[in-house]
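The values are calculated or read from the model by the stated rules, or taken from the named source; none is laboratory data. For clarity, every value in this text was computed on a predicted model and none was experimentally measured. Virtual Cβ from ideal backbone geometry, glycine too; neighbours counted across all protein chains shown. Quick note on the areas: whole protein, heavy atoms, side chains included, nothing else; ligands and nucleic acids left out. Shrake-Rupley method; radii C 1.70, N 1.55, O 1.52, S 1.80 Å.
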Amino acid sequence: VQLQASGGGLVQAGGSLRLSCVASGSTFSRYPMGWFRQAPGKEREFVAAIRRDGGTTYYADSVKGRFTISRDNAKNTTVYLQMNSLEPEDTAVYYCAAADSPYKWPMRSGDYWGPGTQVTVSS
């Protein structure tokens, strides 16, 4: 069981980044997956989640309309987070997570976590 996120970096406000998370193991294709983030000095918070078929998603209010989550279940499940119109408030370490059951929806937290990827948005 392994989740590996990538795609973080430094971007100016108004810019875009695309995060990717590769989940090794065929079981992940059946489970909800999501993105969470933790800013310095703050609690980790939910960002976005997607059901196994990719047809159902939901977002935190703070990113709705700017971020888009998607997934590809071929071979190794890959989950993406397209982040547009980035704001300095989006600066955080972003974590990919997976549930361990197809019934854990809406996804409030993860059962499997990958190492985070840093996103820094400069003003």
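For every residue, the table says whether it meets (1) part of a strand (DSSP E or B); (2) open to solvent by less than 30 Å² (accessible area, probe 1.4 Å).
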residue	(1), (2)
68	yes, no
74	no, no
78	yes, yes
86	no, yes
94	yes, yes
101	no, yes
104	no, no
108	no, no
120	yes, no
Handout entry: Inter-residue pairs, beta-carbon under 9 Å, first on the phi > 0 side of the Ramachandran plot and in the range 1-21, second in a loop (DSSP other than H, G, I, E, B) and among the hydroxyl-bearing types (Ser, Thr, Tyr), 6+ apart
Key = 14/85
Practice task
Tell me which residues, restricted to the range 35-54, are modelled with pLDDT of 95 or more and either assigned to a strand (DSSP E or B) or open to solvent by less than 80 Å² (accessible area, probe 1.4 Å) (or both).
Solution key: 35, 36, 37, 38, 39, 45, 46, 47, 48, 49, 50
Fill in the blank from the handout: Exactly one of 31, 59 is without any contact (Cβ under 8 Å) to a residue 24 or more places away in the chain and touching a strand residue (DSSP E or B) at 6+ places or on another chain (Cβ under 8 Å), and that residue is 59
Practice task
Would you confirm whether any residue within the range 55-66 is in a strand (DSSP E or B) and open to solvent by 50 Å² or more (accessible area, probe 1.4 Å)?
Solution key: yes
Completion exercise
Scanning the range 11-34 for residues that are under 14 Å from residue 90 (Cβ atoms), more than 17 Å from the chain's Cα centre (by Cα) and not in a loop (DSSP other than H, G, I, E, B) gives 11, 12
Exercise for the section: Take the range 78-103 and flag every residue that is at pLDDT below 95 and either over 13 Å from the mean Cα position of the chain (by Cα) or over 18 Å from residue 32 (Cβ atoms) (or both). Expected result: 100, 101, 102, 103
